[in-house]
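Bear in mind that the values in this text are calculations on the coordinates, not laboratory data. Fair warning: this is a prediction, and the values are worked out from it, not measured in the lab. So basically every Cβ, Gly included, is an ideal-geometry build from the backbone, and we count neighbours across all protein chains shown.
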Amino acid sequence: MKKLWGSRFQEELAQDAKEYSYSLEVDRELLRADVQVSKAHALMLGRARLISKSEAQKLARGLDAVLKELQGKDLSESVSEVEDIHTLIQAALEKKIGKTARKLHTGRSRNDLIATSTRVWLREKSILLAGWINVFQSALVSAAEKFHGIAIPGYTHLQRAQTVLLSHHLLAYVEMLERDKGRLSDALKRMDECPLGSGALAGSTLPLDREFVARRLGFSRVSGNSLDAVSDRDFVLEILAAIAVLFVHVSRFSEDLILWNTAEFGFLVLPDSYSTGSSLMPQKKNPDMLELARGRSGQAIGNLVSLLVTMKGLPLAYNRDMQEDKKGLFESVKLAVKTLEVLSNLVRRIEIRETKCFLAVSDSLLYATDLVDYLILKGVAFRDAHETVGKLVQHSFAVERSLKDLSFKEFLRFSPLFKKDIYEIFNPGKSLLRKQTRASTHPAQVKAGIRSWKKKLAAS
Ligand code: ARG
């Protein structure tokens, strides 16, 4: 297929050079966005009298027809023959409407075009992605509501630390995901400017109406510097970074569920429909979806790092290196959407093994900190109280009995301030009810959290 350039060359581009540089395989994803941008440009050319109004209409209608035709078409044949999506659209338009098509590229370059089309694509996808984050958050909040009241050990260093509500643990991820959405929308605000009209790098001698194009494409403003507009990909980096952080959250969540699903923890039963078996060991039920979500975070993080490295040494303005931004971007967005979908479905189907959870929170050591607070409320200095309870714990290990199985006399040996009510300390439910601070794991606080998330998510 005819290229968008070539008249100054005496030789054809070599076959291996073509294969090395052609990008249609990847950038065909931009078909709709690129047509949309081209349409806005065509209409602007008409308004600016750079082409006639009827030519502008012809271009716009032709572009609609091209989109219709190409959308349903298997493009795999074109991949080795057409340089990129812009070339494909140009050629298809020429075939449809004849030589008027040759006016479409007036006053623009693929450099400002690609920077615009990628933004238009990304805007739509980021909103879609935020919607999927919402779906996952809703699944987590529903689970938090369903399992409200079930206590589990909370961990630090993966050692049992203090009792928390399972719902509190789930809502922690809802908070993280909310910030992930915030990062996406922050990035969207910054990328909300239209590069088209920057030309290859220096702007144009033609009277292009940049504001019209920006408005027509739904951008709030035009970009402020033509060199910057065609040469930075920070808007792609920001989205890749937001997705990488999202995947860090998703990966940690998956890891928690994988742990809870082990025989050793045993808090959780995964749905059969989201688990897999072993070809050799008939008893196995493996958490593969969670492992894949955890594993694919590697790709999301890799895509960010890869583009950071690609960009870091580039001189202004456009360089072909930048073509490499799209593969990772498309992959990360797709990966995130798919992962959120599968995890939401999985979370909606989990079951909790309450007896196992109850057994785990019956471990007296989870309440050692509550014992410290008990002494503090009786006037003991924190460091002294900490030391006293530390010695008690050591004693319980020495006599191989849990704290709650020590006699009252034994308690008194460590502090005369202990009263018989200390045994209440080891009751998991009461421990939760003693929590006083805002945003703690107190059941009422957690319930309020569930309520407010439900309202917030329903409104967004
Ligand atoms: N396909 C290129 C990209 O994705 C845009 C085309 C600009 N190419 C050029 N040789 N100036 O970045």
- [ ] Might you report the magnitude of the Cβ-based charge dipole of the range 117-242 about its Cα centre, with Lys and Arg at +1 and Asp and Glu at -1, to the nearest 20 debye?
- [x] 180 debye
Task: Rounded to the nearest 20 debye, dipole of the range 394-460 from Cβ charges on Lys, Arg, Asp, Glu - done: 560 debye
Open item on the list: Quick check on the chain: helices-only [θ] at 222 nm, where DSSP H runs of length 4 and up contribute -39,500 (n - 2.57) each and the sum goes over total residues. Nearest 500, please.
Closed with: -19500 deg cm²/dmol
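Neighbouring Cβ atoms within 10 Å as the yardstick, rank ARG252, ARG119, ARG451 fewest first. Could the numbers behind the result be given before it?
Details: ARG252 15, ARG119 24, ARG451 12.
Exposure proxy ranking, most exposed first: ARG451, ARG252, ARG119.
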TODO: Could you work out how far helix 110-146 tilts from the main Cα principal axis of the chain, as a 0 to 90 degree angle to the nearest 10?
DONE: 20 degrees
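Summing +1 for each Lys or Arg and -1 for each Asp or Glu, what net charge is found among the other residues whose Cβ lies under 12 Å from the Cβ of LYS96? The partial results should precede the final answer.
Details: positive: LYS58, ARG61, LYS68, LYS95, LYS99; negative: ASP64, GLU69, GLU94.
In short, +2.
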Task: 0 to 90° range, to nearest 10: angle between helix 288-311 axis and the chain longest Cα axis - done: 50 degrees
TODO: Measure nothing fancy, just the Cα-based angle from helix 85-97's long axis to the longest principal axis of the chain, in degrees from 0 to 90, nearest 10.
DONE: 40 degrees
TODO: Kindly put TRP260, TRP453 in sequence by how many other C-beta atoms sit within 10 Å of each C-beta, fewest to most.
DONE: TRP453, TRP260
Task: In order through the range 317-323: 3J(HN,Hα) via Karplus (6.51 cos²θ - 1.76 cosθ + 1.60), integer Hz, x for Gly, Pro - done: 10, 5, 9, 5, 3, 5, 4
Task: Long-range tail of P(r) for the range 364-404 (Cα pairs > 15 Å, %) - done: 35 percent
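Quick one: TYR173, TYR374, fewest Cβ neighbours within 10 Å first, how do they rank? Numbers along the way, then the final one.
On the way: TYR173 19, TYR374 22.
With the fewest neighbours first, TYR173, TYR374 line up as TYR173, TYR374.
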